[in-house]
Amino acid sequence: MRGTHTWVPPEITRGGVTGLACADENWNIAVRHGRVVEWDTKQVVQRFPVREQGKIVAVAAGGPDFAAALSSTGKVIVWGRAGLPEMLERCMPQEVRDGTAPAIAAGPDHLVAVVSGAVFWWGDWDGGGEGRASCTARPSTNPPWRSPPGRSTR
């Protein structure tokens, strides 16, 4: 660790925090009383979209470019910068879009959600290459870490 960042928004220290995520060393996210609070090393920042859908119950961060929130209505909300959130929103499996997700998680360029007991993941599995974002959704029966016989995942 290169240094320690000790500044946090005063409202975070007053209790009521029910979720935390760190997108990178300069973007932190918390859920306090059903609302998203975001901050960097010096100030509160506002990246979360205004179009809230119910109270926010969980957040997940996927590196420096995007984050996701889970509303009390079970809807997944994606936001951030650099085009990745738009791709993740566009690629969201219909089961996740129409269903109720009790849990979400994020990787550097993909999201995972549980809907009706099944796991769904979508995003940029191939790294996009040359600045392009791929749009891949995978069912829970074909996890990205399991490669076909004779083929490495790396």
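In the stretch 103-122, which residues are touching a Gly at 6+ places or on another chain (Cβ under 7 Å) and more than 18 Å from Phe66 (Cα to Cα)?
Let us first name the residues in the stretch 103-122 that are touching a Gly at 6+ places or on another chain (Cβ under 7 Å), namely 106-111, 115-116.
Val115, Ser116 - these are the residues of the stretch 103-122 that are touching a Gly at 6+ places or on another chain (Cβ under 7 Å) and more than 18 Å from Phe66 (Cα to Cα).
Can you name every one of the strands (runs of 3 or more DSSP E) wholly within the stretch 24-85 that holds 1 or more residues which are open to solvent by 20 Å² or more (accessible area, probe 1.4 Å) and in contact with a strand residue (DSSP E or B) (Cβ under 9 Å, 6 or more places away or on another chain)? Write out each step before concluding.
Details: elements: 27-32, 35-39, 56-61, 66-71, 76-80.
The strands (runs of 3 or more DSSP E) meeting that bar are 27-32, 35-39, 56-61, 76-80.
The values are calculated or read from the model by the stated rules, or taken from the named source; none is laboratory data. Just so it is clear, the structure is predicted and the values come from calculations on it, not from any experiment. When we count neighbours, we look across all protein chains shown, and the Cβ atoms used for this are built from the backbone with ideal geometry, even at glycine. The protein model used for the area step is the full one, side chains on, heavy atoms only, and it has no ligands, DNA or RNA in it. Shrake-Rupley method; radii C 1.70, N 1.55, O 1.52, S 1.80 Å.
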